[in-house]
Amino acid sequence: MISAARELFRERGYHATAFSDVIERSGVPRGSTYYYFPGGKQQLAREAVAAAGDEIEEMVAVAADNARDPASIVRALAEVVAHRLESSDYVQGCAIATMVLELAPTEEELTVDFEQVFDRWRNALVCHFEPWGIASQRAGILADLVMSTFEGAMVLSRAARNAEFLRTTADAIAQMIENETRKMPVLTSPSTG
C-alpha cells in the first residue's frame, strides 16, 4: 500500500489520490486500509514520504557506487532519475515534489516530513562528496544546488517529455564541481582520505 500510495502521490498528488485508488493499485482488501493506517490518508502519506526518503538515499548510493569523483556522482544520479522518468513515460517525477507543492506549508506534519526527506537527500550527497576532499560546508551547498537543479529539471523534463533538461543541467553542475575539485589535492579513491 505504501508503495502504491507513493507512486500515486508522485503521479497525481495528494488531493487527487483516494484510498480507493491505493486499494486498486496495490490489490489489498479494502478493510486493510484503516487496519494498517488508522490515521487515515495522512498517515499513509507520511509513510509514503518516509519511503521516498529511503528511495532517494538508495538512488544516491547507486549513483556513487562506481563514482570516479564527485562530478560522476551527479551525472550518474541524473541518469538514474532520467531513466525513471523515461521508463514511466514521464508520469513519475520526484517522489514528493507534487505533494510539497500541494501541501507545504499548510499541512504542518507533512511539511516536517518533506523537510526530513530533503535533509536525507542532502546528507546522502554530502556523505559522498566529503570523502573526495570537499569541505563539509561546501559539500552542503553543492548538495543544495544539485537538489534544486534536479527538482526544476524534472519539472521541465516532464513538461517537455524529454529528459535532456535533466541531463544537460546535471552535466553543467558536474562541470562546475570538476572545475572546483581540480584545485584540490588529487585522491585516488575516497578511502585514501
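I'd like to know which of 145, 34, 159 lies farthest towards the positive end of the charge dipole of the chain, counting +1 on Cβ of Lys and Arg and -1 on Cβ of Asp and Glu.
159
For labels at residue 127 and residue 88 in the simple 7 Å Cα→Cβ model, what's the distance in nm?
2.3
What ranking do 154, 59, 99 get, fewest neighbouring Cβ atoms within 10 angstrom at the top?
Working: 154 23, 59 18, 99 26.
Lowest to highest Cβ neighbour count: 59, 154, 99.
Separation between the residue 62 and residue 138 pseudo-spin-labels, each 7 Å from Cα along Cα→Cβ, expressed in nm?
3.0
In the chain, with Lys and Arg counted as +1 and Asp and Glu as -1 at Cβ, which of these residues, 56, 91, 112, has the Cα nearest the positive end of the dipole, that is, farthest along it?
91
Taking the alpha carbon gyration tensor of the range 100-145, what are the square roots of 5 times its eigenvalues, largest first, to the nearest whole Å? Don't jump to the answer; show the numbers that get you there.
Working: eigenvalues 148, 15, 9 Å².
After scaling each eigenvalue by five and taking roots: 27, 9, 7 Å.
Take the Cβ-Cβ distance between residue 183 and residue 145 as r, set R0 to 25 Å, and report the resulting FRET efficiency rounded to the nearest 0.05.
On the way: r = 18 Å, r/R0 = 0.71.
With a Förster radius of 25 Å, E is 0.90.
Stick to Cα atoms and the Kirkwood definition of Rh, then tell me Rg/Rh for the range 39-144. Please report the intermediate quantities before stating the final value.
Details: Rg = 14.9 Å, Rh = 14.7 Å.
So for the range 39-144, dividing Rg by the Kirkwood Rh gives 1.01.
Tally Lys and Arg at +1 and Asp and Glu at -1 over the other residues with C-beta under 15 Å from the C-beta of residue 85: what net charge comes out?
Working: positive: 10, 84, 158, 161, 167; negative: 7, 11, 55, 79, 86, 89, 151, 164.
Summing Lys/Arg as +1 and Asp/Glu as -1 gives -3.
Where Lys and Arg each count +1 and Asp and Glu each count -1, what net charge lies around residue 67 among other residues with Cβ under 14 Å from its Cβ? Please report the intermediate quantities before stating the final value.
On the way: positive: 68, 75; negative: 65, 69, 79, 130, 178.
That works out to -3.
What share of Cα pairs, in percent, lie more than 24 angstrom apart in the chain? Could the numbers behind the result be given before it?
Details: 7955 of 18528 pairs.
Everything past 24 Å amounts to 43 percent.
Hey, can you list the DSSP H helices of the chain whose Cα span along the axis is 24 Å or longer and whose average Kyte-Doolittle score is at least -1.0?
Sorted by number, the helices that extend far enough and score high enough are 40-65, 70-87, 108-129, 136-160, 164-181.
To the nearest 20 Debye, how big is the dipole of the chain about its Cα centre, given +1 on the beta carbon of each Lys and Arg and -1 on that of each Asp and Glu? The partial results should precede the final answer.
Values: 18 positive and 28 negative charges, 49 e Å.
Taking the Cα centre of the chain as origin, the dipole is about 240 debye.
No lab work stands behind these numbers, since they all come straight from the coordinates. Everything quoted here is computed from the prediction, not taken from an experiment. All Cβ positions, glycine included, derive from the backbone under ideal geometry; neighbour counts span all protein chains shown.
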